[in-house]
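The values are calculated or read from the model by the stated rules, or taken from the named source; none is laboratory data. Bear in mind that the values here come from a model prediction, so they are computed numbers and not experimental data. Neighbour counts are summed over all protein chains in view; Cβ atoms, including those assigned to glycine, are modelled from backbone coordinates with ideal geometry. These accessible areas exclude ligands, DNA and RNA; they are computed on the full protein's heavy atoms, side chains included. Shrake-Rupley method; radii C 1.70, N 1.55, O 1.52, S 1.80 Å.
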Amino acid sequence: MKTAMVWGASGGIGSALVQRLVDEGWAVLSVARDPGTVTPLPSEVIEADVADPRSVRQAVARAGELVQEVDLWIYAVGDITSVKAEDMSPEDWERILAANLTGAYLAIHYSLPLLTAEAHMVFLGAVSERLRLPGLAAYASAKAGLEAFAEVLRKEQRPRRVTLVRPKAVQTPLWGKVPFSLPPGAMSPQDLAERVLQAIQDGHSGVLNL
Ligand SMILES: NC(=O)c1ccc[n+]([C@@H]2O[C@H](COP(=O)([O-])OP(=O)(O)OC[C@H]3O[C@@H](n4cnc5c(N)ncnc54)[C@H](OP(=O)(O)O)[C@@H]3O)[C@@H](O)[C@H]2O)c1
């Protein structure tokens with residue numbers, strides 16, 4: 001049985017990925033800020049706030065007690081706010097950068113020793129160039145940074161694979177945090193999870209536009 005580790009397991013996309021993996025027979029380590037909010041079972045649940053380096057390190061140490069190695073590692077944490085730079089507090093900026101960018105670095109930095117030699121890493125990015133809209137400075141900057149991070153990591157970690165997923169709109173609670181309407185034709189998180197897992201099975205590495 002192969003093992004997956006999913007960060008952001010309480011989220012719309014993260015929980016759909018966990019469910020799909022469990023359905024397909026994977027052993028899954030779910031990582032969430034509040035373990036009580038993770039619904040898909042059976043999966044081991046580990047607590048971590050990715051804004052806190054110590055919490056991330058402890059979560060990976062716990063994972064190391066539960067499993068020997070991780071074959072598939074997914075970062076589906078994210079946060080968004082719509083506030084113009086002029087009005088954005090340093091705390092809001094830090095929170096969005098922590099969830100979307102610095103947390104991704106922390107989580108993979110501590111997780112790498114647990115990954116198999118041919119492990120696949122997956123980061124949930126976004127079509128960042130389309131997000132350069134008033135109010136989205138923090139989110140768009142973080143997602144652009146995440147793309148660069150994933151590209152460098154891919155070169156550093158060969159033969160391991162790194163996929164940066166760029167989904168269009170997906171129907172999740174994230175949309176409740178911004179004053180925009182979900183576009184018609186938005187994907188369900190279940191459809192997205194199916195397409196991501198198909199790409200993983202096909203050996204994808206690089207940018208995955210969905
Ligand atoms: N939905 C879309 O249309 C869309 C499109 C493109 C890209 N994405 C990206 O896909 C990813 C997943 O988004 P989603 O739509 O599933 O959003 P979501 O339902 O809001 O889920 C976000 C997840 O991130 C977690 N999180 C946020 N800050 C955290 C922190 N400091 N520590 C630990 N966990 C934290 C949340 O945990 P809590 O439950 O504790 O808050 C939640 O599990 C994000 O990176 C998002 O940017 C989404």
Taking only pairs six or more apart or across chains, which ones have beta-carbon atoms under 9 Å, a first residue in the range 11-38 that is of a type in the set (Phe, Trp, Tyr), and a second residue that is more than 15 Å from the ligand (Cβ to nearest atom)?
Trp26/Met1; Trp26/Lys2; Trp26/Thr3; Trp26/Ala4; Trp26/Asp71; Trp26/Leu72
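So, in the range 1-28, of the ones that are more than 14 Å from the ligand (Cβ to nearest atom) and farther than 14 Å from Ala193 by Cβ, which residue ends up most open to solvent (accessible area, probe 1.4 Å)? Please lay out each step first, then the result.
Residues of the range 1-28 more than 14 Å from the ligand (Cβ to nearest atom): 1-4, 21-28.
Subset that is farther than 14 Å from Ala193 by Cβ: 1-3, 25, 27.
On the way: Met1: 178, Lys2: 120, Thr3: 16, Gly25: 38, Ala27: 30 Å².
Only one residue tops the list, namely Met1.
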Just one of Glu69, Glu47 is more than 22 Å from Ala126 (Cβ to Cβ), in contact with a strand residue (DSSP E or B) (Cβ under 8 Å, 6 or more places away or on another chain), within 12 Å of the ligand (Cβ to nearest atom) and open to solvent by 30 Å² or more (accessible area, probe 1.4 Å); which is it?
Glu47
For Ser181, only one of the following conditions fails: (1) of a type in the set (Gly, Ala, Ser); (2) within 15 Å of the ligand (Cβ to nearest atom); (3) surrounded by fewer than 18 Cβ atoms within 10 Å (Cβ to Cβ); (4) in contact (Cβ under 8 Å) with a residue 12 or more places away in the chain. What is its number?
(4)
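Would you check which residues across the range 142-174 are open to solvent by 70 Å² or more (accessible area, probe 1.4 Å), assigned to a helix (DSSP H, G or I) and within 13 Å of the ligand (Cβ to nearest atom) and list them?
So the first thing to find is which residues in the range 142-174 are open to solvent by 70 Å² or more (accessible area, probe 1.4 Å), and the list is 151-152, 155-156, 158-159, 168, 171, 173.
Right, trim to assigned to a helix (DSSP H, G or I) and you get 151-152, 155-156, 173.
Answer for the range 142-174, where residues must be open to solvent by 70 Å² or more (accessible area, probe 1.4 Å), assigned to a helix (DSSP H, G or I) and within 13 Å of the ligand (Cβ to nearest atom): just Pro173.
Is it true that some residue in the range 184-194 is open to solvent by less than 70 Å² (accessible area, probe 1.4 Å), near the ligand (Cβ under 9 Å from one of its atoms) and part of a helix (DSSP H, G or I)? First the steps, then the outcome.
Within the range 184-194, the subset open to solvent by less than 70 Å² (accessible area, probe 1.4 Å) is 186-189, 192-193.
Cutting the leftovers down to near the ligand (Cβ under 9 Å from one of its atoms) gives us 186-187, 189, 192.
Filter again for part of a helix (DSSP H, G or I), leaving 189, 192.
Yes.
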Can you tell me which residue within the range 125-138, out of those that are within 22 Å of Ala193 (Cβ to Cβ) and buried (at least 22 other Cβ atoms within 10 Å of the Cβ), is farthest from the ligand (Cβ to nearest atom)?
Gly125
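Report yes if some residue within the range 84-97 is within 11 Å of the ligand (Cβ to nearest atom), closer than 21 Å to Pro167 by Cβ and of a type in the set (D, E, K, R); otherwise report no. Spell out how you get there, then give the answer.
Step one: list which residues in the range 84-97 are within 11 Å of the ligand (Cβ to nearest atom), which gives 94-97.
Keeping just the survivors that are closer than 21 Å to Pro167 by Cβ gives 96-97.
Going one step further and asking which of them are of a type in the set (D, E, K, R), we end up with none.
There is no residue in the range 84-97 that is within 11 Å of the ligand (Cβ to nearest atom), closer than 21 Å to Pro167 by Cβ and of a type in the set (D, E, K, R).
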Against the conditions (1) without any contact (Cβ under 8 Å) to a residue 12 or more places away in the chain; (2) part of a helix (DSSP H, G or I), where does Tyr139 fall short? Just the number, please.
(1)
Specify which of the listed residues (Asp71, Asp34, Asp49, Asp23) is touching a Lys or Arg at 6+ places or on another chain (Cβ under 7 Å) and either closer than 25 Å to Gln171 by Cα or modelled with pLDDT under 95 (or both).
Asp49
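Mind checking which residues of the range 102-124 are open to solvent by 40 Å² or more (accessible area, probe 1.4 Å) and either within 18 Å of Ala137 (Cα to Cα) or not in a helix (DSSP H, G or I) (or both)? Before you say what the answer is, go through the steps one by one.
Keep residues of the range 102-124 that are open to solvent by 40 Å² or more (accessible area, probe 1.4 Å), which gives 102, 105, 109-110, 113, 117-118.
Residues satisfying the conditions are Thr102, Ala117, Glu118.
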